[in-house]
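The values are calculated or read from the model by the stated rules, or taken from the named source; none is laboratory data. Everything numeric here is computed off the predicted structure, so don't read it as measured data. In this analysis, Cβ positions are derived from the backbone assuming ideal geometry, glycine residues included, and neighbour counts consider all displayed protein chains.
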Amino acid sequence: MAWQAKFTAQRGKLRPKDIPAAAGSAEAQSDTISINLDVTKLSKGEAITQINAIRDRIAAGKWPPL
C-alpha cells in the first residue's frame, strides 16, 4: 500500500515549518491529490496563498514526508 500524507496550512501560518505533515487517508485510486477548503471566511487569493504555502512546504521537506 502506498503512503498518504496530509498537509494543513492555517491562515496566517504559512511558513514551511508551520505546516505539519500528518498521516493522510487513502483515496479511491492511487496518484491522487485532494484539496479540502473551508471557505467560510477565505477569499480566493487567500486560498491560493495557502495552497502555495503547502507547495513550498513539500519542496522544503524530505520526500516522502512521513
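Quick notes on this one:
- Residue within the stretch 48-58 that is in contact with a strand residue (DSSP E or B) (Cβ under 9 Å, 6 or more places away or on another chain) and among the basic types (Lys, Arg) present: yes
- Condition check for THR40: more than 15 Å from the chain's Cα centre (by Cα) and exposed (fewer than 11 other Cβ atoms within 10 Å of the Cβ): yes
- Options SER25, SER43; residue that is at pLDDT below 90 and among the hydroxyl-bearing types (Ser, Thr, Tyr): SER25
- Subset of the stretch 22-50 (residues that are of a type in the set (Gly, Ala, Ser) and either part of a helix (DSSP H, G or I) or within 15 Å of THR8 (Cα to Cα) (or both)): ALA22, ALA23, GLY24, SER25, SER34, GLY45, ALA47
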